[in-house]
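Data block below; observations after.
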Amino acid sequence: MKCPECKIEGVISGCRTEVEGDKSAEEATRVYTVQEISCRNPQCPRHGTVVETLRHLIYSEEER
């Protein structure tokens, strides 16, 4: 992912796991990995700020 301001390729600055549907047996459980992409260009006004968030499904109870 590129910074919309300077067009330099960003860097993964944070990563976490999110879970949905684990509070109820009637609801399917889904697990996501979430990555925050930040600008790495020190001359850019957006340097160090998150320019995009990516969310990838890594597990779904429905797939079993």
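Any read-out appearing in this document is the output of simple, stated calculations on the displayed coordinates, not a laboratory observation. Note that the structure is predicted; figures quoted are calculated from it, not measured. All Cβ positions, even for glycine, are placed from backbone atoms using ideal geometry, and neighbour counts span all protein chains on display.
Filter the stretch 16-63 down to the residues that are in a strand (DSSP E or B) and hydroxyl-bearing (S, T, Y) and list them by number.
Step one: of the stretch 16-63, the residues in a strand (DSSP E or B) are 16-20, 30-39, 47, 50-60.
T17, Y32, T33, S38, T53, Y59, S60, listed by residue number.
Can you tell me how many residues in the stretch 1-15 are part of a loop (DSSP other than H, G, I, E, B) and not basic (K, R)?
The total comes to 7.
Could you check, for the stretch 20-42, whether at least one of its residues is of a type outside the set (S, T, Y), at positive phi and loosely packed, with under 11 Cβ neighbours inside 10 Å? If you could, list the steps in order and put the result at the bottom.
Filtering the stretch 20-42 for residues of a type outside the set (S, T, Y) gives 20-23, 25-28, 30-31, 34-37, 39-42.
Next, only the ones that are at positive phi stay: 21.
Those still in the list that are loosely packed, with under 11 Cβ neighbours inside 10 Å too: none.
Checking the stretch 20-42: not a single residue is of a type outside the set (S, T, Y), at positive phi and loosely packed, with under 11 Cβ neighbours inside 10 Å.
Considering H56, H47, which residue is in contact (Cβ under 8 Å) with a residue 12 or more places away in the chain and in contact with a strand residue (DSSP E or B) (Cβ under 6 Å, 6 or more places away or on another chain)?
Numbers: H47 fails: in contact (Cβ under 8 Å) with a residue 12 or more places away in the chain.
Criteria check complete, one pass: H56.
From T53, T17, which residue is polar (S, T, N, Q) and surrounded by 11 or more Cβ atoms within 10 Å (Cβ to Cβ)? Quick ask: steps written out before the conclusion?
Values: T17 fails: surrounded by 11 or more Cβ atoms within 10 Å (Cβ to Cβ).
Matching residue, one of T53, T17: T53.
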